[in-house]
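Before any comments, here is the structure.
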Amino acid sequence: IVSLTSFPDRINTVWITISTLLNQTLKPKKIILWLAENEFPTHQVPKSLERMKKRGLEIRFCDDLKPHKKYFFAMNEFPENIIVTADDDIFYPENNLEKLENEYKKNKNSVICHWSHKIGFDQRGDFLPYNDWKTNDKELSCLCTIPIGCNSVLYPPGCLYYDALSKCKVLKYVYTDDLWLKCMEIMNGTPARNCNETPLIYFNIITTQFTGLWKNNTENLNRNDTAWKQLMKDYPEVRKRLYAEYMEQL
């Protein structure tokens, strides 16, 4: 099941992304677009999206959990299904889902992604700043690999710690979905792996780059580091597991 979300500033262009998801070599069981009730109170959407419904798109209205909408409701409603998240401003190549599935078949205990960073430590054993986490290519499944959500990520059933599906827990980290999901993977003991031999970054829909939730993460360069520090306080077991793995790989 492919799950994504959008918001009013991008609602007129999201059909482009959805069209690329409908044109995959591996056809998804469902494609669900989650829209916040408070942002679309009349449930009206552009004709471009109405046309997508004829091709199989489902549009659901839900509580506003910001970027977490793209996985939260789908995982709650379809707990036995593979969920693939997507962003609303990307041109997805036609083999996007097929590549994820092929890697998943060989690594069914892992979260699978197309683009990732590797969580790093300095010589003192402290976390490196978020902006210093290196982009990494295909390697063995590990806890230190953090999927980057925009290129789409495959989540096997039951791969996340139960807090991931708690609305009150999610709201505490409402703008930091990638970091939150990474912690939920580690707490569950689920590694991640990149399915590409080289770093792969997809094309954005250019007109969407003037708006987006990413701006909330870039207005303050330390926002991700602040969120990560708070996550480590709330889930100290995450740091223990990451550091143990880091030491084993030295």
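Odds and ends about this structure:
- Phi angles of segment 101-116 translate, via the Karplus equation with coefficients 6.51, -1.76, 1.60 and θ = phi - 60°, into HN-Hα couplings of 5, 4, 6, 4, 4, 8, 9, 6, 9, 10, 6, 10, 9, 9, 8, 8 Hz per residue; Gly and Pro are given as x.
- Prolate/oblate/rounded label for segment 66-206 (Cα gyration tensor, a/c 1.5): rounded
- Computed over the alpha-carbon atoms, segment 134-200 gives an Rg to Rh ratio of 0.97, Rh here being the Kirkwood radius from the mean inverse distance.
- On Cα atoms only, tilt of 236-249 relative to the major axis of the chain in degrees: 70 degrees
- Sparsely packed chymotrypsin sites (Phe, Trp or Tyr not before Pro) within segment 61-110, loop by DSSP, other Cβ within 10 Å at most 14: PHE91
- Whole-number accessible area per residue in Å² for the chain, which is evaluated in the context of all protein chains at 1.4 Å: 48 Å²
- Projected label points at ASP234 and SER166, each 7 Å from Cα along the beta carbon direction, are separated by 0.9 nanometres.
- Applying Stokes-Einstein at 20 °C and 1.002 mPa s to the Kirkwood radius of the chain, computed over alpha-carbon pairs, gives a translational diffusion coefficient of 116 µm² s⁻¹.
- Flagged links, alpha-carbon separation over 28 Å, of LYS47/LYS105; LYS27/LYS105; LYS66/LYS105; LYS47/LYS69: LYS47/LYS105; LYS66/LYS105
- For LYS118, the lysines whose Cα comes closer than 17 Å to its Cα, not counting residues fewer than 8 places off in the same chain, are LYS134, LYS138, LYS182, LYS229, LYS240.
- Value at 222 nm in deg cm²/dmol, rounded to 500, when DSSP H runs of n ≥ 4 in the chain each add -39,500 (n - 2.57): -10000 deg cm²/dmol
- In this structure, the amide hydrogen of LYS30, modeled 1.01 Å from its nitrogen in the peptide plane, lies closer than 5 angstrom to those of VAL2, counting only residues at least 5 positions away or on a different chain.
- Kirkwood Rh (inverse of mean 1/r, distinct Cα pairs), segment 1-105, angstrom: 13.9 Å
- Computed lengthening from GLU77 to GLU197, 0.36 nm per intervening residue step minus Cα-Cα distance: 39.8 nm
- When PHE40, PHE203, PHE127 are compared by accessible surface with a 1.4 Å probe, the order from highest to lowest is PHE203, PHE127, PHE40.
The values are calculated or read from the model by the stated rules, or taken from the named source; none is laboratory data. Just so you know, these numbers come straight off a predicted model, no measurement behind them. As a convention, Cβ positions derive from the backbone with ideal geometry for all residues, glycine included, and neighbour counts pool all protein chains shown. All accessible areas refer to the heavy atoms of the entire protein, side chains included, with ligands and DNA or RNA removed. Shrake-Rupley method; radii C 1.70, N 1.55, O 1.52, S 1.80 Å.
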